[in-house]
Amino acid sequence: MSEVVDNAEAARYEIRVDGRLAGVLEYRRSDGVVDLFHTEVEPELRKRGLGAELVHHALDDARRRNERIIPTCPFVAAMLSGSW
């Protein structure tokens, strides 16, 4: 089972699988804009949709906050363009 949390102190969303940190999506937030600039999932846990789960959570959070997204991370950009 996975869980995504916003670790605002570290400026990143974290996904945990069975309590273990499995991946992160780092961001910069300023003046109604959030730059999603780096996504990383532990190599042994890739290909399980955890990166996509991180991105979906971040996008939902940005919508709730009424923030504009800057998809600097290539993975985030690919998901938003539908080419992922």
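Run through all the Cα pairs of the chain and give the fraction in each 5 Å bin from 0, expressed as whole percent.
All Cα pairs, binned at 5 Å, distribute as 3, 16, 28, 27, 17, 7, 2, 0 percent.
Quick one: dipole size for the chain, taken about the Cα centre, charges +1 on Lys/Arg Cβ and -1 on Asp/Glu Cβ, in debye to the nearest 20.
About 220 debye.
To the nearest 10 degrees, how steep is helix 50-65 against the longest Cα principal axis of the chain, on a 0 to 90 scale?
Relative to the chain, helix 50-65 is tipped by roughly 30 degrees.
Once you put a point 7 Å from the Cα of VAL33 and another 7 Å from the Cα of ARG64, both along the Cβ direction, what distance in nm separates them?
Label at VAL33, label at ARG64, 2.4 nm between them.
Any read-out appearing in this document is the output of simple, stated calculations on the displayed coordinates, not a laboratory observation. Since we're looking at a predicted model, the values are computed, not measured. Heads up, the Cβs are rebuilt from the backbone with ideal geometry, glycines too, and the neighbour counts pull from every protein chain shown.
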